[in-house]
Structures are given as C-alpha cells and as structure tokens.
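Q: Could you have a look at this structure, given as structure tokens, before my questions?
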Amino acid sequence: MNKYLSLFKYEAKTIIRDPINLYMCLFPVIILFLSSFVFPMIFESMDPMQGAVHRTTMLLLLIVILAFGSFFLAAMATFMLLDHKDENTLNTIAVTPVGTSGYLKFKMAYIYLMSVIGSIIILLGTKWIAGDKYTILGVSVFDNIKIYHVVSFAVVNELFTPALGLLQGAFAKNKVEGFAFIKGTGILALVPALMILETFQGGFQYILGIFPNFWAIKGMILKFMPVENSANLSYPLYLLIGGIYNMIILIAAYRFFLKKARY
C-alpha cells in the first residue's frame, strides 16, 4: 500500500506542476460552468414558439455535456504516457516493485476515477444549479434523472477515458504526434450527436454502436427525453452493452500499449 501512496503523491505533483495537465483536470469544472450558466442563456434567447428547434438544440447540448465532461482527461493520460516515452522512464519503472504493468494499472485506475467523479459533478451540478432551465413544455428533463442514473452512466461511460489515453499513447511517438491524435479523436466525442438525426432514431442507431461512447450516452439521452421506439433498448441494457464493449477495448488498449512500450 505504501508504494501506491508514494506513487499517488508523485503523480499529484506531476499534474500540479504542469499547467496543461492542471487545465485538463479542471475541464469538468469548465463544462459545469457552461452547462449551468452559458447553455441556459442559449435556451432563454430562443423563440419559445420554435419547439422543435428548442428541443433539438437542448438535445445536442445535452450530448455535449455527456460526451465532453471528461474527454480531456484522456488527453491528459496521453500526454503523461508520452512523457514516459520521451524520457524513457518506463524501462526504469520496470525494475521497481510495482513494475511497468502495475504502474500502468495504477495510472489508468486513478484517471478513470477522476473521470467518473468529474462526470458525476457535471451532471449532478447541472441538475442542482440549472435543472429548471432544461425544460420542454414546462417540464425539466432532469426530473427523470436520479443519482443512480448519474453514477451508473459515469461508471460505464468513463471506461473509455483510460482506453483512449492508452491507444493515443501507443500510436503517438511524441507529444507533437500525441496532440495530433487528440485533435483527431476529438471527433469521437461528437459522434453520438448524430443520433439527433431522424436516420439514426430507429434500427440504424446501432451503426453508431461501433463507437464506444454511443451506448451509455444513448441510454442517458432516453432517460432525459423518453421516446417510444421499438428499436430502442432499456437504459440498463444500453449500459450493459456499453460496459462490456468498453472493458474489451480497455483491456486490448492496455495490452497494446505494453507491447508497443517494450519495443
């Protein structure tokens, strides 16, 4: 236990002394500010008579909240892994009691926990601060969201955060390439936004299922705005599929990064 406490202190110092890492840690707070104060201003500026436009805008912004809450923590994980690559410290870690695999598990575990906590803070904070601003026909969409929905969503959805960090860290050779990968994979966070299109309302929605963050976000969106559609699954089933799929990707990404790190 002492070795992991020492590691945690070292990791905390690494994050705090790097302004970029610190900014990425604070990104959930930025999303909370946007969702609680900026997005409601957008709703208030819209014509209440344009119901369809108002609903679509709200749906799109809810997806942004769900998708981007902890996306930047994956970027932080990537940069921290690339630091080890640049400084060639993974070989040094390999001879320590923790070992390379143990260190990676520890790093990904605390990044995952940070992601889960960040996602919970964003959703519960938005519900408590500005839930009454997210209304359709006078009813807040957050009325359908309970604490256990928020926690279960965060636990499943944030599994992709360490997986994405490992994949980007494995493919990138340095921080310049890492930044390019981060910019490119940022598109992944927006893919679930396609579900607002009529084409992806029915069975074609499962085409988007190839993207790991689709499943949990789709389940949560249906809790926000229930829609009668025979092609839709239940909230628990969306999360179950998403959890299994994300775990497979996380394990594969972990093994792939270790393989790349050894060569």
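The values are calculated or read from the model by the stated rules, or taken from the named source; none is laboratory data. Computed from a predicted structure; not experimentally measured. Cβ sites come from the backbone with ideal geometry, for glycine too, and all protein chains shown count toward neighbours.
Q: Which one is surrounded by the most Cβ atoms within 10 Å (Cβ to Cβ), of the residues in the range 212-250 that are over 17 Å from the mean Cα position of the chain (by Cα) and of a type in the set (A, V, I, L, M, F, W, C)?
A: This residue is PHE224.
Q: Turning to a different aspect of this structure: Suppose the filter is of a type in the set (A, V, I, L, M, F, W, C), over 25 Å from PRO226 (Cβ atoms) and crowded, with 20+ Cβ neighbours inside 10 Å; does LEU123 pass it?
A: no
Q: Residues that are closer than 30 Å to THR100 by Cα, small (Gly, Ala, Ser) and surrounded by fewer than 16 Cβ atoms within 10 Å (Cβ to Cβ): does the range 131-138 have at least one?
A: No: the range 131-138 contains no residue that is closer than 30 Å to THR100 by Cα, small (Gly, Ala, Ser) and surrounded by fewer than 16 Cβ atoms within 10 Å (Cβ to Cβ).
Q: Find the residue count for the range 217-233, including only residues that are under 18 Å from LEU66 (Cα atoms) and small (Gly, Ala, Ser).
A: 1
For (1) of a type in the set (Val, Ile, Thr); (2) surrounded by 14 or more Cβ atoms within 10 Å (Cβ to Cβ), each residue gets a yes or a no:
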position	(1), (2)
LEU167	no, yes
ALA170	no, yes
LYS175	no, yes
GLY184	no, no
ILE187	yes, no
ILE196	yes, yes
TYR206	no, yes
GLY209	no, yes
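Q: Something else now. Would you say VAL98 is at pLDDT 80 or above, farther than 30 Å from MET41 by Cα and of a type outside the set (Asp, Glu)?
A: No.
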